[in-house]
Amino acid sequence: MTLESTRPSGMLSHLTDQPKGIYLLFTVEMWERFSFYGMRGMMVLFLTSATQASGFGWSNVKALNLYGVYVGLVYLTPLLGGYLADHWLGHRRSVIWGAVLMAIGHFLMAGPALIPFLFSSLYGIPVEQIFQNAGVELGLLSMSAPVSEGLRTALAAASGANAAQTLALPLEWAYLLTGWSFYFAISFIILGNGFFKPNMTTLVGGLYGPTDPRRDSGYTIFYMGINLGAFLANLTAGTVGAVWGWHYGFTIAGFGMLTGLLFLVKFQTRFLGTIGLEAPHKKRTREGRKKVMLTRVERNRILAILVFGLFSIVFWTGFEQGGGLLNLYAFNKVDRVVLGFTVPTPWFQSLNPLFIIVFAPLISMLWIGLGSQGRDPSTPHKFALDLVLMGAGFVCMMASAREWAATGSTAMIWLVAAYLLHTLGELCISPVGLSLVNRLAPARMASMMMGIWFLSFSVSGWLAGKVGGMAEALSELTIFTGLAVASFAAAFVMAALNKTLKALMREDEGYT
């Protein structure tokens, strides 16, 4: 079932004259992103916090590398989730299963703090203090001899030799279960996101017919839901985690995901009708339609999607520094004191979604207004613009790094300016990219193509961790400079490919 419409008059009507289902999906996505970005904003801070502060005590390099792997896997699993949805599960059922898995994962993230607390209560020993005194890093999945010896020595110092003999094994179990609970938790989140992410965006596309002019504005509204959730996450879950304990922040994130799930289950029939209930492959089989080969037009459109995905890797590699390297940079090097108040580091993670909420309607109306005058920039030019803005943001960070090197401190304004420029770049690529894929992908493989689109995010996440992790050896200034140069170079090449890409996209119905 799709909802068709004629073109509404006026720019504002493109934002208000929408299918009611878009507001349900907006709400569900808002709560899902609340949980996801709450986790994203806290992850590297949690990993690098001392064990006595319920962290893992990792180095920045190790934390950023794991962060990169996590983000990479988060955006790799949508390829599997999209394929299963297209062939067997259907898009809506996949979204529900994904929400359930992610809720479980976020609640399990409380384990690394809850498990030491439970063992402390059960055996009467200060488990977190012993971890701290032993000088061990948490997060190992097996017990090495040096770790075991360090734990036993710290236990003996805290409880005496006799108690150490009895309590050594429970302490080692507490150590191992703390690490295992973390990896189980992020595995649930990664797998759940694989089912949820590509199929939510496909459900949005199902609200509109193939020529419905409201599609791009609908995706922008949906995108505002993403960022409203992210904004609230870091002011609530992130702040609670930083001030009162990471396990409390992760638990709040879990309740956010659970809220989104309840909204979808309660209102799906009323606002979505039959959209996304049947897997496209099953529908084709039921209707007796044979499997068909891709046409030349479809192949060219898929090629265009792949080219855009390749260039988006450059953008997202820079953008994901926001949750990794820039997050640690804000914590360690930025002067966060304002009128005697120290701004919590997670609050900087709310700048991006705040800017999205403010500027997304304006950018959407700008595209619509330019389009009504026949001056709407082509999709390749929008992608080139986002790369220029990404490079400009890292120019600001270059200035910040130079200031810190000269004075030992750096003002918040550089970081705020970088987040603003990166956000404006994001508005030129992310909602436009989602709409592009949904518009150009063959209907019978819509979710799988969305999964392939998110594959570029997966590569970017992995690269972001690797690049950010090199800052200790090369300096932040070197990393910021490299990212700026790469962004400007990619923008130049994308602009040069404008005519070629437009030809691939326009072969059938005049897409630009």
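The values are calculated or read from the model by the stated rules, or taken from the named source; none is laboratory data. Note that the structure is a prediction, hence the values are computed from the model and not measured. Glycine gets a Cβ as well: all are built from the backbone with ideal geometry, and neighbour counts include every protein chain shown.
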Any residue at all in the range 33-45 that is of a type in the set (Ser, Thr, Tyr), buried (at least 20 other Cβ atoms within 10 Å of the Cβ) and either at pLDDT 90 or above or within 30 Å of Val265 (Cα to Cα) (or both)?
-> yes
Residue match in the range 282-291 (condition: in contact (Cβ under 8 Å) with a residue 12 or more places away in the chain, part of a helix (DSSP H, G or I) and out of contact with any strand residue (DSSP E or B) (no Cβ under 7 Å at 6 or more places or on another chain)) | yes
Say we look at the range 362-381 and pick out the residues that are closer than 16 Å to Arg215 by Cβ and of a type outside the set (A, V, I, L, M, F, W, C); which of these is surrounded by the fewest Cβ atoms within 10 Å (Cβ to Cβ)?
-> Ser372
Check the range 132-141 and report whether any residue there is assigned to a helix (DSSP H, G or I), in contact (Cβ under 8 Å) with a residue 12 or more places away in the chain and surrounded by fewer than 20 Cβ atoms within 10 Å (Cβ to Cβ).
-> yes
Selection from the range 334-361 of residues that are within 30 Å of Gly218 (Cβ to Cβ), β-branched (Val, Ile, Thr) and crowded, with 21+ Cβ neighbours inside 10 Å = Ile356
Look through the range 181-219, keep the residues that are among the hydroxyl-bearing types (Ser, Thr, Tyr) and surrounded by fewer than 17 Cβ atoms within 10 Å (Cβ to Cβ), and return whichever of them is modelled with the lowest pLDDT.
-> Thr211
Could you please let me know if Val467 is closer than 25 Å to His381 by Cβ and assigned to a helix (DSSP H, G or I)?
-> no
Filter the range 238-265 down to residues that are exposed (fewer than 15 other Cβ atoms within 10 Å of the Cβ) and under 16 Å from Ser94 (Cα atoms) and give me whichever is nearest to the chain's Cα centre (by Cα).
-> Leu262
Check on Trp453, under 15 Å from Glu320 (Cα atoms), assigned to a helix (DSSP H, G or I) and in contact (Cβ under 8 Å) with a residue 12 or more places away in the chain | no
Within the range 335-366, how many residues are more than 25 Å from the chain's Cα centre (by Cα) and either at positive phi or among the β-branched types (Val, Ile, Thr) (or both)?
-> 5
All positions within the range 33-76 that are charged (D, E, K, R) and within 18 Å of Gly249 (Cα to Cα) | Arg33, Arg40
If you go through Leu155, Leu151, Leu79, the only one that is farther than 23 Å from Leu45 by Cβ, under 18 Å from the mean Cα position of the chain (by Cα) and not hydroxyl-bearing (Ser, Thr, Tyr) is Leu79
Identify the single condition in (1) in contact (Cβ under 8 Å) with a residue 60 or more places away in the chain; (2) over 25 Å from Leu325 (Cβ atoms); (3) in contact with a Phe, Trp or Tyr (Cβ under 8 Å, 6 or more places away or on another chain) that Val44 does not satisfy, given that it satisfies every other one.
-> (2)
Is it the case that some residue within the range 161-180 is touching an Asp or Glu at 6+ places or on another chain (Cβ under 7 Å), at pLDDT below 90 and crowded, with 18+ Cβ neighbours inside 10 Å?
-> no
Working only within the range 256-273, note down all residues that are in contact (Cβ under 8 Å) with a residue 40 or more places away in the chain and among the hydrophobic types (A, V, I, L, M, F, W, C).
-> Met257, Leu258, Leu261, Phe263, Leu264, Val265, Phe267, Phe271, Leu272
For the subset of the range 115-131 comprising residues that are β-branched (Val, Ile, Thr) and part of a helix (DSSP H, G or I), which member is farthest from the chain's Cα centre (by Cα)?
-> Ile130
Test: residue in the range 184-200 that is assigned to a helix (DSSP H, G or I) and farther than 30 Å from Leu434 by Cβ | yes
The range 165-182 residues that are more than 16 Å from Ser54 (Cβ to Cβ), paired with ones that are polar (S, T, N, Q) (beta carbon under 7 Å, 6 or more apart) | Leu167/Ser159; Glu172/Ser148
Qualifying position, being surrounded by fewer than 24 Cβ atoms within 10 Å (Cβ to Cβ), at pLDDT below 90 and of a type in the set (A, V, I, L, M), among Leu66, Leu24, Leu15 | Leu15
Out of all the residues in the range 401-413, is one or more surrounded by fewer than 20 Cβ atoms within 10 Å (Cβ to Cβ), of a type in the set (D, E, K, R) and without any contact (Cβ under 8 Å) to a residue 24 or more places away in the chain?
-> yes
Looking across the range 90-114 at residues that are at pLDDT below 90 and assigned to a helix (DSSP H, G or I), the single one that is nearest to Leu272 (Cα to Cα) is Gly111
Output the number of residues of the range 346-401 satisfying the condition of being outside any helix (DSSP H, G or I) and closer than 20 Å to Phe308 by Cβ.
-> 3
